[in-house]
Amino acid sequence: MAIDILAAGCISPIGFTLAETAAAARARMARLREIAWLDRRFEPYIVGRVDDEGLPPLSTQLELLNLQSREARMLRLAHAALAETLEALPDSSGPIPLLLGLPEHHTTLPIDPSSFLTRLVIQTGAPLDAGRSVAVARGRAAGLMALRQALLRVTSGESDYILVGGVDSLVDLYVLGTLDRAQRIRNAGNNDAFSPAEGAAFLLLGRSGPGATPLARLTGCGTGMEPGHLYADAPYLGDGLAAAIGSLLEATPPATPIACTYASFNGERYWAREFGVARLRNSHHFAEPMAMEHPAECCGDLGAAHGPLLAALAAHALAGRYRPGPCLVYASSDRGDRAAALLTPA
């Protein structure tokens, strides 16, 4: 089973579009900056923030709801990335389902997934099929986890087209304070940490028609759960990612060794062990040498947008032939979810 990645779009601290983000990541251009909010050491947080000029305004109808600032920000981020992605959708396609990843780290009030989907339709005016759309608050891995369901829906004939995406903003004072107390935010005195950021990314998947050129092919997906995740008491052995990648490669072994991996590394040393375990257990599937991409070094950690962003960047790289295929994309959430996908040139 395989389907096409027909189009993708994103917005990030290093680009308002997928092309801009991909070019900046390829050039290793970091764009992290101080903001006015202070951490517990009374030093400014350093984050990846999207410039306001790249965001559409919040819908007048939604302004009347007095939304939390984080949710309003996320709706505007999603609007920008979704609009870019839907440029490739045929006018005759009709309403399209969306599988959306949302934050696993909550602010004072958690974002309600179903309400967010409803508000996203209001904000964007996009032709989304609300009845067949799903949003889950599962963090970095959520979008890649959704690719598996997207693959099944399209190959079974349930949907001709489907959207998969993620949106998040860790640049929220409550979220930043929580992460800072856990000593997870990078600053002058803490290098084993990450830079919080924000963004959104979406993929349009389906079967390409005659004469159409998709970005890449999605040939398989795998998921896993890490018992020893960051917030668990169980020992951290790296089994979750090894299971996700192992099940993926067992079900859909690549014709040639994996030549490039897009990883959700964010700067915390915690994440290095699990990929080492997964690669050792599946060593015959990996090329030597293998290219390794982890764009968080440029844009920061995009939370629930991170997995879809990695897939969008990988698809763009395969389409532009500046990264070799097959390409493994994987993302790990803080609370144990792990997901991986295999992309090949179209």
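The values are calculated or read from the model by the stated rules, or taken from the named source; none is laboratory data. Source: prediction; values computed, not measured. As a convention, Cβ positions derive from the backbone with ideal geometry for all residues, glycine included, and neighbour counts pool all protein chains shown. Please note that ligands, DNA and RNA were not included when accessible areas were found on the heavy atoms of the full protein model with its side chains. Shrake-Rupley method; radii C 1.70, N 1.55, O 1.52, S 1.80 Å.
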(message) Of the residues Val164, Val175, Val154, only one is in contact (Cβ under 8 Å) with a residue 12 or more places away in the chain, under 18 Å from His79 (Cβ atoms) and either in contact with a helix residue (DSSP H, G or I) (Cβ under 7 Å, 6 or more places away or on another chain) or among the aliphatic types (A, V, I, L, M) (or both); which?
(response) Val164
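Per-residue answers, yes or no, for (1) touching a Phe, Trp or Tyr at 6+ places or on another chain (Cβ under 8 Å); (2) within 22 Å of Pro127 (Cα to Cα); (3) hydroxyl-bearing (Ser, Thr, Tyr); (4) modelled with pLDDT of 95 or more:
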position: Gly9; (1), (2), (3), (4): yes, yes, no, yes
position: Glu20; (1), (2), (3), (4): no, no, no, yes
position: Ala24; (1), (2), (3), (4): no, no, no, yes
position: Glu34; (1), (2), (3), (4): yes, no, no, yes
position: Thr60; (1), (2), (3), (4): no, yes, yes, yes
position: Met74; (1), (2), (3), (4): yes, yes, no, yes
position: Ala80; (1), (2), (3), (4): yes, yes, no, yes
position: Thr85; (1), (2), (3), (4): yes, yes, yes, yes
position: Ala88; (1), (2), (3), (4): no, yes, no, no
(request) Take segment 307-328 and flag every residue that is surrounded by 24 or more Cβ atoms within 10 Å (Cβ to Cβ) and either within 16 Å of Ala24 (Cβ to Cβ) or of a type in the set (Gly, Ala, Ser) (or both). (result) Gly307, Leu309, Leu310, Ala311, Ala312, Leu313, Ala314, Ala315, Ala317
(request) Give the number of residues within segment 245-259 that are aliphatic (A, V, I, L, M) and either surrounded by fewer than 21 Cβ atoms within 10 Å (Cβ to Cβ) or farther than 14 Å from Leu280 by Cα (or both). (result) 4
(message) Suppose we filter Gly143, Gly209 for residues that are in contact with a Pro (Cβ under 9 Å, 6 or more places away or on another chain) and under 21 Å from Ser115 (Cα atoms); which single one remains?
(response) Gly143
(message) Cβ-Cβ under 6 Å, sequence separation 6+ or interchain: first residue in segment 271-300 and touching a residue at least 12 places away in the same chain (Cβ under 8 Å) and open to solvent by 20 Å² or more (accessible area, probe 1.4 Å), partner part of a helix (DSSP H, G or I) and among the aliphatic types (A, V, I, L, M). Which pairs?
(response) Val277/Ala242; Arg281/Ala242; His285/Leu249
(message) Checking the conditions here, which among Leu98, Leu102, Leu82, Leu89 is hydrophobic (A, V, I, L, M, F, W, C) and under 30 Å from Ala182 (Cβ atoms)?
(response) Leu102
(request) Considering each residue of segment 16-50, count those that are within 19 Å of Arg323 (Cβ to Cβ) and in contact (Cβ under 8 Å) with a residue 60 or more places away in the chain, and give that number. (result) 10
